[in-house]
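Shown next, in structure tokens, is the structure this report addresses.
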Amino acid sequence: MKLLNLNHCQHNNKVRLLVKLTPGAAHNRLMSLEEDLLGDIILKVMVTSVPEKGQANTALIKLLSKSLKLPKSAFEIVRGKLSRSKLFDIDCGAEELLQKFQELKVL
């Protein structure tokens, strides 16, 4: 398994992370953190909420907040509010965030 590095994802003292969301799933779950062919780090997430009136986005932020033990205000959707592919700014250091993902065994 390749060791992921989130340092190149830092932007304005936050970590900028791509999230691929699957709404309407059977369970709320952080699936995996992977590097694509272009070197972008992508977090794959499933939520039970449907993609209507922002319900899936709300469930996603709630799941991220609870799983990563960060306040909901630490997560900002920069791009993709109406898409399954989202770009987030996360108010957390890269090394700290990577440690949190390792503890959750998402890698």
Expected 222 nm ellipticity per residue - DSSP helices of 4 or more, -39500 (n - 2.57), all of the chain, to 500: -7000 deg cm²/dmol
Pair Glu35, Gln102: separation of 7 Å Cα→Cβ label points (nm): 1.5
With P(r) over Cα pairs in 5 Å bins from 0, in percent defined as stated, name the option among (i) 2, 13, 24, 29, 19, 10, 3, 0; (ii) 2, 9, 10, 13, 12, 10, 10, 12, 11, 7, 3, 0; (iii) 2, 8, 7, 6, 6, 5, 6, 5, 5, 4, 4, 4, 4, 4, 3, 3, 3, 3, 3, 3, 2, 2, 2, 2, 1, 1, 1, 0, 0, 0 computed from the structure displayed. (i)
Which of the lysines could be linked to Lys69 by a straight reach, that is with a Cα gap under 23 Å, when you skip same-chain ones fewer than 8 residues away? Lys14, Lys20, Lys44, Lys81, Lys86, Lys100, Lys105
Just add up the charged neighbours of Ser85: K/R +1, D/E -1, any other residue whose Cβ is under 13 Å from the Cβ of Ser85. +4
Residue separation between His27 and Ser85 times 0.36 nm, minus their alpha-carbon distance, gives in nm 19.0 nm
Zone of His11's modelled label, taken as backbone nitrogen in segment 39-66 under 14 Å from a point 7 Å along Cα→Cβ: 40-43
Which aspartates and glutamates, if any, have their Cα less than 14 Å from the Cα of Lys66, not counting same-chain residues under 8 positions apart? Glu103
Can you tell me the 0 to 90 degree angle between the C-alpha axis of helix 55-68 and the longest principal axis of the chain, rounded to 10? 40
Relative contact order (percent) for segment 7-103, with alpha-carbon contacts under 8 angstrom and 6 or more residues of separation? 33
What's the angle, to the nearest 10 degrees (0 to 90), between helix 94-103's Cα axis and the longest principal axis of the chain? 70
Which of Leu60, Leu38 has the fewest other C-beta atoms within 10 Å, and how do the rest follow up to the most? Leu38, Leu60
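Bear in mind these aren't lab numbers, they're just calculated from the coordinates by the rules spelled out. Since the structure is predicted, the reported quantities are computational estimates derived from the model, not experimental observations. For neighbour counting, all protein chains shown are included, and Cβ atoms are generated from backbone atoms with ideal geometry for every residue, glycine included.
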